[in-house]
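What follows is a set of notes on a single structure, which appears directly below.
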Amino acid sequence: MRKKIVAGNWKMNMDLNEGLKFAETLHKHFTENPPAKAEVVICTPYIHLAGAAAVLKKGKVSLGAQNCASEASGAFTGEVSPWMIKSTGAQYVIIGHSERRTYYKEDDRLLNKKTALAINTGLKVIFCCGEVKEERENNTHFVVVRRQLEEGLFTLQPGELDSVVIAYEPVWAIGTGLTASPEQAQEMHKFIRDLIREKYGKESADRMPILYGGSCKPSNAAEIFSKPDVDGGLIGGAALKKEDFVAIVEAAL
Ligand code: 13P
């Protein structure tokens, strides 16, 4: 059986003190109540990483960044490379979030470069894909997700793919309160798993964790996570409140 993963994407929230305090709260909670079947990850802003890694050390919560540079080092003012992220103690990095694709114009080619570099640096990549509202309405959502995966991920070698977690995040559901129905999520997750099977074979497809993201909350998580191809969630707003995040982790059991 695939392990479930519930990852919190903090986005650009909480200053350093607030963030470290919250990481400590989650560390304490999940040390006292270890999640039996789900891996818990928090993806913080860059500046929280080193401090959060110290707080979370030897605990039950994994750590990730929300983005990385496409180059390893050098004259790239303001950028943070996968190698630097790894040196903080973080294990994961989110790549291809729709907010990066939309606001920072990150395209499939760039995301492919970032993904390969992050994996070769030893990080695990949470690779996001998903269609916008018009694409869902035009019935091109499968075409869009297929393109994002083919161009962003499918240049990887089979061994490299084992360092990838896919997150399907329909953009129309992110931060909007609209959620994909469990059936819509299952339909797309199955489509994604079928694509991986075609390209990499059954074993790789069966191993791939595919997370759902988009207005996931305690009231809808259990039903979405119960679908056979949904292996947990990538959580935005509800990952900023302990009670909500814990309830979502518990829904993955
Ligand atoms: P919300 O859970 O706030 O809709 O955000 C989802 C998301 O973008 C996680 O990466």
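The values are calculated or read from the model by the stated rules, or taken from the named source; none is laboratory data. The shown structure was predicted, so the numbers you read here are calculated from the model rather than taken from an experiment. Because the Cβ atoms are built from the backbone with ideal geometry, glycine has one as well, and the counts that use them run over all protein chains shown. The protein model used for the area step is the full one, side chains on, heavy atoms only, and it has no ligands, DNA or RNA in it. Shrake-Rupley method; radii C 1.70, N 1.55, O 1.52, S 1.80 Å.
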Check your understanding: So, in the range 91-120, of the ones that are small (Gly, Ala, Ser) and touching a helix residue (DSSP H, G or I) at 6+ places or on another chain (Cβ under 6 Å), which residue ends up nearest to Leu161 (Cα to Cα)?
Key -> Ala118
Point to revise | Flag if Ala247 is assigned to a helix (DSSP H, G or I), farther than 30 Å from Gln157 by Cβ and open to solvent by 10 Å² or more (accessible area, probe 1.4 Å) | key: yes
Practice item. Check Lys190 against each of (1) more than 15 Å from Ile42 (Cα to Cα); (2) crowded, with 17+ Cβ neighbours inside 10 Å; (3) at pLDDT 95 or above and name the one condition it does not meet. Key: (2)
Review point. Which of the residues spanning the range 214-233 are hydroxyl-bearing (Ser, Thr, Tyr) and either touching a residue at least 12 places away in the same chain (Cβ under 8 Å) or crowded, with 18+ Cβ neighbours inside 10 Å (or both)?
Key: Ser215, Ser226
Review point. Among the candidates Asn13, Asn17, which residue alone is without any contact (Cβ under 8 Å) to a residue 24 or more places away in the chain and either open to solvent by 40 Å² or more (accessible area, probe 1.4 Å) or closer than 28 Å to Arg147 by Cα (or both)?
Key: Asn17
Revision key, fill the gap. Scanning the range 181-190 for residues that are within 18 Å of the chain's Cα centre (by Cα) and touching a residue at least 40 places away in the same chain (Cβ under 8 Å), the one farthest from Ser98 (Cα to Cα) turns out to be Gln186
Review point. Tally time: how many residues in the range 98-129 are within 11 Å of the ligand (Cβ to nearest atom) and open to solvent by 10 Å² or more (accessible area, probe 1.4 Å)?
Key: 3
Practice item. Would you mind listing the helices (runs of 4 or more DSSP H) fully within the range 141-202 where at least 2 residues are within 16 Å of the ligand (Cβ to nearest atom)? Key: 141-152, 182-200
Practice item. For Ala36, state whether it is at pLDDT below 95, open to solvent by 10 Å² or more (accessible area, probe 1.4 Å) and aliphatic (A, V, I, L, M). Key: yes
Check your understanding: Of all residues in the range 49-90, which are within 17 Å of Val165 (Cβ to Cβ) and open to solvent by less than 60 Å² (accessible area, probe 1.4 Å)?
Key -> Val61, Ser62, Leu63, Gly64, Ala65, Gln66, Asn67, Cys68, Pro82, Ile85, Ala90
